[in-house]
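Working notes, structure below.
Where a number appears in this text, it was derived from the coordinates with a stated rule and is not lab data. The model shown is predicted, which means the values in this text are computed figures rather than measured ones. A quick note on method: Cβ atoms are made from the backbone with ideal geometry, for glycine too, and the neighbour counts reach across all protein chains shown.
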Amino acid sequence: MAATIDPSTYRDAVVVLATAGVIVPFAKRFRVNSVVAFIACGALLGPFGLGGLVAKVPLLRTITVSNADALAGPAELGIAFLLFIIGLELSYDRLMTMRRLVFGLGLGQVAVSASVIGAVAYAFGQPATAALIIGTALALSSTAMVVELLSAHRRITSSAGRASFAILLCQDLAVIPLLFLISVLGSQENGSLLAGLAQALLQAVAAIAAIIVIGRVAMRPLFRLVASTDSSESFLAATLLVALGTGLIAAAAGLSMGLGAFIAGLLLAETEYRRAIEVTIEPFKALLIGVFFLTVGMSVNPAALAAQPWAIIAIALGLFLAKAVITFLLARFFRLGRATALESAILIGPGGEFAFVLLSASVAAELVERSASSLVLAAVSLTMISLPLAARLARTLAARFAPTVTLPEEARILPPEDHAARALVVGCGRVGRLVGEMLEQHKAPFLVVDADPALVASQRRAGRPAFYGDATKPEFLRLCGLQEATALIVTIDNQRAVDEIVKAARAMRPDLVIVARARDARHARHLYEIGVNDAVPETIEASLQLSEAALVGLGVPMGLVIASVHQRRDDFRSELKPASAPARSLPRHARSRRL
């Protein structure tokens with residue numbers, strides 16, 4: 001007979017998986033940041049939320065976590081994996097490329113912010129050690145949230161994205177010595193601090209040296225052996241073993257698990273298996289970091305917030321303003337543009353996840369009082385929750401204060417005013433260039449427009465009729481001859497811009513043939529609804545081309561393959577295109593042949 005299973009053993013794991021697998025995707029559907037969703041779920045389901053009502057409503061026991069300490073282990077793993085990924089993404093070349101921003105702007109932001117915030121904490125009665133820890137903890141920002149927000153809006157490669165990433169990179173590097181400092185200060189009960197620091201430093205150096213030596217000798221042969229088996233399961237197991245094993249070695253030496261995992265990531269970053277490891281560990285990292293933010297939410301006590309709301313709001317506003325002003329001034333000192341400095345300052349202003357790591361470790365080491373830590377962390381939570389809104393404000397202000405674009409000479413030429421009939425192609429990127437080449441090949445007159453002056457300049461130097469301007473503005477479309485255009489072909493991949501261009505063009509020319517690039521089937525269906533004649537979904541078109549190549553490679557006659565692909569393309573178009581969508585305008589000879 002099978003042993004009786006105690007459901008309570010797995011209850012917390014089910015709550016975590018339900019949050020990650022159901023609630024967070026549901027929240028993201030409504031464009032709620034996943035970190036915010038995890039924190040909110042933790043506050044709702046934790047011991048200070050519905051979990052605190054278990055005694056009165058026993059049924060809640062199945063969907064809540066009444067003891068946040070039960071998730072302390074998985075949360076610690078989440079931090080270790082976060083630092084492991086940070087180490088994996090670092091490289092000497094990358095640091096040297098960004099050294100001015102990382103070690104100049106980033107280090108300045110951490111040092112000045114920690115000094116100012118620490119001085120304020122000391123002025124409000126905190127001991128010198130506690131004020132130092134609070135200052136350094138609050139000087140750090142949220143790498144997880146800022147990078148996710150920048151990536152979601154494709155701004156990670158913008159000037160503000162690069163500056164923010166450099167600051168965050170320096171902050172991540174600063175976490176390692178800060179964790180070490182807290183562990184040293186917390187271990188000093190009696191005796192000389194200098195002697196204790198020396199002993200801890202020697203112990204840390206020995207542990208780090210052991211990790212580096214063992215890693216350099218064993219890691220590459222280990223992964224070479226595992227990769228030769230062509231087993232993804234073995235590769236995953238080896239990756240987890242290295243990350244956790246080095247973390248445990250560091251923990252045994254009195255350091256944090258995150259420090260050992262960080263060093264392991266640095267060592268693996270030098271190997272040829274770096275990218276494969278990143279892909280392998282990514283899903284687990286996201287889940288474990290989600291557990292960490294879930295425990296962050298569980299530490300939020302609504303009763304405590306209600307008891308001191310104005311103090312928490314004041315700390316949150318003060319923290320945001322202080323860091324934002326410091327970051328803005330330092331960015332301007334390092335000769336970054338005003339718009340770049342402003343956007344970076346707003347993104348760096350809120351607190352981050354490492355404040356919870358550092359302050360929790362400090363409370364455990366009895367370096368910071370729990371009441372002060374709770375008050376400060378409540379303010380940090382408030383700033384993190386407001387970060388998506390702050391990021392939207394940053395983008396708006398950056399666009400308003402952005403400097404006027406200095407155009408190359410080739411991009412200053414205005415479109416011709418000859419009222420000639422020609423196709424209008426929006427976009428000078430890879431897709432737009434290919435469309436232009438096809439139109440040239442068939443001797444169809446056309447004109448290309450783009451909002452990127454560099455692309456326009458390169459196309460003009462290549463002899464193509466390219467012009468600079470914003471095609472989302474009806475006035476510019478009219479200047480480009482939309483009233484006389486034979487067709488409008490939208491090739492850019494910015495979904496919002498595509499929609500605006502199509503709406504403006506359809507309002508000006510109800511009879512115009514409009515063909516637009518769509519991101520997927522859902523976007524294509526939307527484009528048909530707002531008036532395109534044809535929408536080309538990237539995902540569907542890629543699958544059709546893959547199918548065509550595969551069938552031809554399998555020996556199916558080319559004619560049959562092409563016919564079936566065309567049939568499938570028409571079927572997809574019929575499914576996506578509503579009955580009210582405009583009919584495609586075909587040449588007269590094509591219509592007669594079809595009839």
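Put +1 on the Cβ of every Lys and Arg and -1 on every Asp and Glu Cβ in the range 75-399; which of Ile167, Trp310, Ala398 then has its Cα farthest towards the positive end of the dipole? The Cα lying farthest towards the positive end belongs to Ala398. Farthest towards the positive end of the charge dipole of the chain, among the residues Val456, Phe446, Leu82, is the Cα of Phe446, using unit charges on the Cβ of Lys, Arg, Asp and Glu. The radius of gyration of the Cα set in the chain, together with its Dmax, comes out at 29.0, 98 angstrom.
Ranked by Cβ crowding within 10 angstrom, fewest neighbours first, how are Met298, Met257 ordered?
Working: Met298 28, Met257 24.
Going from sparsest to densest Cβ surroundings: Met257, Met298.
Remark: the range 266-277, residue by residue, has Karplus-estimated 3J(HN,Hα) of 4, 5, 6, 5, 8, 9, 6, 9, 4, 5, 4, 5 Hz, where x stands for each Gly or Pro and the curve is 6.51 cos²θ - 1.76 cosθ + 1.60 at θ = phi - 60°.
Among 160-171, 419-430, 558-569, sorting by the average number of other beta carbon atoms lying within 10 angstrom of each residue, highest first, gives 160-171, 419-430, 558-569. Convex hull volume of the C-alpha atoms in the range 449-534, normalised per residue: 91 Å³. Computed from backbone phi, the HN-Hα couplings of the range 218-233 come to 9, 5, 4, x, 4, 6, 5, 5, 5, 5, 5, 7, 6, 10, 5, 5 Hz, rounded to whole numbers (Karplus: 6.51 cos²θ - 1.76 cosθ + 1.60, θ = phi - 60°; Gly and Pro given as x). Extending 7 Å from Cα along the Cβ direction at Arg31 and again at Ala421 yields two label points whose distance is 4.1 nm.
Amide H contacts of Val490 (H built 1.01 Å from N, in plane; Pro and chain starts excluded): Val426, Val515, Ala516, Arg517 sit under 5 Å, all sequence-distant by 5 or more or on other chains. The trypsin sites (Lys or Arg not before Pro) of the range 309-403 that DSSP puts in a loop, and whose beta carbon has at most 15 other beta carbons within 10 Å, are Arg335.
Got a sec? How would Ile514, Ile530 order by Cβ neighbour count within 10 Å, fewest to most?
Working: Ile514 24, Ile530 16.
Taking fewest neighbouring Cβ atoms as first place, the list is Ile530, Ile514.
Could you line up Glu417, Glu484 from fewest to most neighbouring Cβ atoms inside 10 Å? Don't skip to the answer; put the middle values down first.
Values: Glu417 9, Glu484 13.
Going from sparsest to densest Cβ surroundings: Glu417, Glu484.
Between the alpha-carbon centres of the range 109-170 and the range 449-463 there is a gap of 39 Å. Backbone phi angles across the range 319-333, fed through the Karplus curve with coefficients 6.51, -1.76 and 1.60 (θ = phi - 60°), yield HN-Hα couplings of 4, 4, 5, 4, 5, 5, 5, 4, 5, 4, 5, 5, 5, 5, 4 Hz in residue order; Gly and Pro are listed as x. Relative contact order of the chain, taken over Cα pairs closer than 8 Å and 6 or more residues apart, is 14 percent. Using just its DSSP H runs of length 4 or more, each adding -39500 (n - 2.57), the chain gives a mean residue ellipticity at 222 nm of -21500 deg cm²/dmol after division by all residues. Each Lys and Arg contributes +1 and each Asp and Glu -1, all at the Cβ; summed about the Cα centre of the chain, the dipole is approximately 1600 debye. Would you mind classifying the range 409-594 by shape? Square roots of the alpha carbon gyration tensor eigenvalues, ordered a ≥ b ≥ c; an a/c under 1.5 is rounded, otherwise it is prolate if a/b is larger than b/c and oblate if not. Prolate shape, in that a/c is at least 1.5 and a/b is the bigger ratio.
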